[in-house]
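Structure first, commentary second.
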Amino acid sequence: MLAGPVSARLHISTTAPDTDFTVKLIDVHPPNADYPHGFAMNLTDGIVRCRFRHSSEWPEPLVPGEIHEVEVRAPDTANLFAAGHRIRLDVSSSNFPRFDVNTNTGEPETTSRRTVVATNTVHMDAEHPSHLRVWLEGGADGLVT
């Protein structure tokens, strides 16, 4: 049983001074009579606008090409993954229309008319261990990464 906070600690780089990273935690149901190809049920999702990764008051642009660590938090959730189900984490740079589009310029959205294409990378190696963090019922402290 997964119950509680959900977050992803990501090591990212980008070609832009700002970008978004989104996560969706999904329960993947196996094929059955009603859904012959299976079914993916969204459990929770979250976003981080990278220029606000340290403070919601003081934006700080990204350094293009540099690896930055960000945490994407999603609202708490609870789910019992039945036998045959799988946990899936989708990581993206957009989840429109759920969240506003980022211009990737680092400029205020209300006054900027310019957009920049961001090429984003999630790093996953020994030095940059991007990972999902969830709470499981019954564990010693509950946190599993």
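The values are calculated or read from the model by the stated rules, or taken from the named source; none is laboratory data. None of these values were measured; they are calculated from a predicted model. Note: ideal-geometry Cβ built from the backbone for every residue, glycine included; neighbour counts use all protein chains shown.
In summary, L2 fulfils each of the numbered conditions (1) at pLDDT below 95; (2) within 11 Å of the chain's Cα centre (by Cα) with the single exception of condition (2).
Out of (1) within 15 Å of A16 (Cβ to Cβ); (2) out of contact with any strand residue (DSSP E or B) (no Cβ under 9 Å at 6 or more places or on another chain), what's the single condition that is false for P108? Of the numbered conditions (1) within 15 Å of A16 (Cβ to Cβ); (2) out of contact with any strand residue (DSSP E or B) (no Cβ under 9 Å at 6 or more places or on another chain), the odd one out for P108 is (1).
In the range 106-130, what count of residues is obtained for those that are assigned to a loop (DSSP other than H, G, I, E, B), among the aliphatic types (A, V, I, L, M) and touching a residue at least 24 places away in the same chain (Cβ under 8 Å)? Walk me through it before giving the result.
Of all residues in the range 106-130, those assigned to a loop (DSSP other than H, G, I, E, B) come to 106-119, 125-128, 130.
Adding the requirement that they be among the aliphatic types (A, V, I, L, M) leaves 116-118, 126.
Okay, now just the ones that are also touching a residue at least 24 places away in the same chain (Cβ under 8 Å), so 116-118.
Within the range 106-130, residues that are assigned to a loop (DSSP other than H, G, I, E, B), among the aliphatic types (A, V, I, L, M) and touching a residue at least 24 places away in the same chain (Cβ under 8 Å) number 3.
All of R73, R133, R88 fail the test of being closer than 29 Å to P31 by Cβ and either touching a residue at least 40 places away in the same chain (Cβ under 8 Å) or touching an Asp or Glu at 6+ places or on another chain (Cβ under 8 Å) (or both), apart from R88. Candidates are the residues of the range 27-77 that are among the polar types (S, T, N, Q) and out of contact with any Pro (no Cβ under 9 Å at 6 or more places or on another chain); the one that is farthest from N95 (Cα to Cα) is N32.
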